[in-house]
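This report concerns only the one structure given below.
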Amino acid sequence: MPQVPKEDISLRTDDATVMSSAPRSRLARSDTMEASLQSSQLPNLGKFEPLSTLKDEFKFNKSFGEKVDGLIEHEYKGWRRVRGDGNCFYRAVGFGLLEQIIAAPDSKRQVAASALVCKLKNLSFEEKVEDEGHQQFVERLFRVASGHSWQDGGGDLLASFEDKSPDGIDQACIRAIRKLVAQCIIARADDCSLCGGIDFRTLCEVQGLGSPEDFCNTVVLPMGVEAESVVMNALVCALDIGLKLALLDRKEQSGLVFESYEPPGEGNSDHFTVHVQLRPGHYDLLYLECINETSRRRATIDGSGGYGRGAASSPKSSAENTLEPFRL
């Protein structure tokens, strides 16, 4: 279960659950302006890279290199660059979850996609272009839930995230996750079970964030505002996933720190976990396995899941996981 954020942060490099909203917030905010100025020319998501390239990014910083070595010791195999425009956390989590769903075995893929469709299908947005983008996003997920490919006529997941327009998959995914997180924070504002005995309302107040509604209106819902504070606790509940953050501060006195978040529920172990690294001002994806982009692309296009095992089998969903036909 997620623990209550603490003001001090452990410098251990073990796998313990460590919670600290204040140091993480400082990490997320530093360098943000510089990153946003450069981000407009960058792709939303890069290709899978070995961790050696992450280490090369800071080859003159011995401390940072040691932290990357720590990731390798924890059996991480690679990373994926995520565009830093204030939405990088939500983009990383959204893409990381979707690629795990699509790569899963047939039955798990369809059940997970169906569950996500059920969470998303009733969301609506005031702007027409945003609502149209959301409908397109849900339609893609419905295809996966029905045993088909991510996109009609081919097209892989990574390529579908390249569009930066308001009605593109990338922006639609980010808006949807933000809205689900906001709904969770407000609906369960007085629930003490999600943050180790302290509810969202109290956490918002003691951290000077106002009411849960204020926090959602100023931090969670607006595009381009970095995730912080109770967002992580609410996200794992809203999406029913695990989240593991690796904090890579450049300062020598700060060791490699992990923060682990789990969705509520006893024995809820059969869920996807997204791994993300946070270095000053930015979130990127981490991987515990090497990713073959060609195989993943083939799996996305032909609907086979896994790593391109062939044509998708006929969907055999149980009654409770059967969806009504999705209509735009």
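The values are calculated or read from the model by the stated rules, or taken from the named source; none is laboratory data. In this text, all values refer to a predicted model and were calculated from it rather than measured experimentally. Cβ sites come from the backbone with ideal geometry, for glycine too, and all protein chains shown count toward neighbours. Just the protein is used for accessible areas: all its heavy atoms, side chains included, with ligands, DNA and RNA removed. Shrake-Rupley method; radii C 1.70, N 1.55, O 1.52, S 1.80 Å.
Mind checking whether some residue in region 97-106 is more than 19 Å from the chain's Cα centre (by Cα) and either surrounded by fewer than 24 Cβ atoms within 10 Å (Cβ to Cβ) or among the polar types (S, T, N, Q) (or both)? Yes, some residue in region 97-106 is more than 19 Å from the chain's Cα centre (by Cα) and either surrounded by fewer than 24 Cβ atoms within 10 Å (Cβ to Cβ) or among the polar types (S, T, N, Q) (or both).
Would you confirm whether any residue within region 264-283 is within 28 Å of Leu51 (Cβ to Cβ), at pLDDT below 80, open to solvent by 40 Å² or more (accessible area, probe 1.4 Å) and out of contact with any Asp or Glu (no Cβ under 8 Å at 6 or more places or on another chain)? Checking region 264-283: at least one residue is within 28 Å of Leu51 (Cβ to Cβ), at pLDDT below 80, open to solvent by 40 Å² or more (accessible area, probe 1.4 Å) and out of contact with any Asp or Glu (no Cβ under 8 Å at 6 or more places or on another chain).
Every residue in region 77-88 that is more than 16 Å from Leu42 (Cα to Cα) and open to solvent by less than 10 Å² (accessible area, probe 1.4 Å), please. If the condition is that a residue be more than 16 Å from Leu42 (Cα to Cα) and open to solvent by less than 10 Å² (accessible area, probe 1.4 Å), then Gly78, Trp79 are the ones that fit.
The set of residues from region 17-70 being open to solvent by less than 60 Å² (accessible area, probe 1.4 Å), within 14 Å of Asp284 (Cα to Cα) and at pLDDT 90 or above comprises Asn44, Leu45, Gly46, Phe48, Glu49, Leu51, Thr53, Leu54, Val68.
Report every pair of residues separated by at least 6 positions or lying on different chains whose Cβ atoms are under 6 Å apart, first residue within region 111-126 and among the β-branched types (Val, Ile, Thr), second open to solvent by less than 50 Å² (accessible area, probe 1.4 Å) and at pLDDT below 95. Filtered contacts from region 111-126: Val111/Asn321.
Gly94 - would you say it is in contact with a helix residue (DSSP H, G or I) (Cβ under 8 Å, 6 or more places away or on another chain), touching a residue at least 40 places away in the same chain (Cβ under 8 Å) and under 20 Å from Gly242 (Cβ atoms)? Criteria met by Gly94.
Pick from Arg188, Arg201: which is farther than 19 Å from Asp284 by Cβ, among the basic types (Lys, Arg) and touching a residue at least 24 places away in the same chain (Cβ under 8 Å)? Exactly one residue qualifies, and that residue is Arg188. A search for C-beta distances below 6 Å between a residue of region 208-233 that is closer than 19 Å to Ala176 by Cβ and any residue that is hydroxyl-bearing (Ser, Thr, Tyr) and not in a helix (DSSP H, G or I), counting only pairs 6+ apart in sequence or on different chains, returns Met232/Tyr261.
Would you call Lys77 in contact with a Leu (Cβ under 7 Å, 6 or more places away or on another chain), touching a residue at least 60 places away in the same chain (Cβ under 8 Å) and under 26 Å from Ala159 (Cβ atoms)? Write out each step before concluding.
Working: in contact with a Leu (Cβ under 7 Å, 6 or more places away or on another chain): yes; touching a residue at least 60 places away in the same chain (Cβ under 8 Å): yes; under 26 Å from Ala159 (Cβ atoms): yes.
When the stated conditions are applied, Lys77 passes them.
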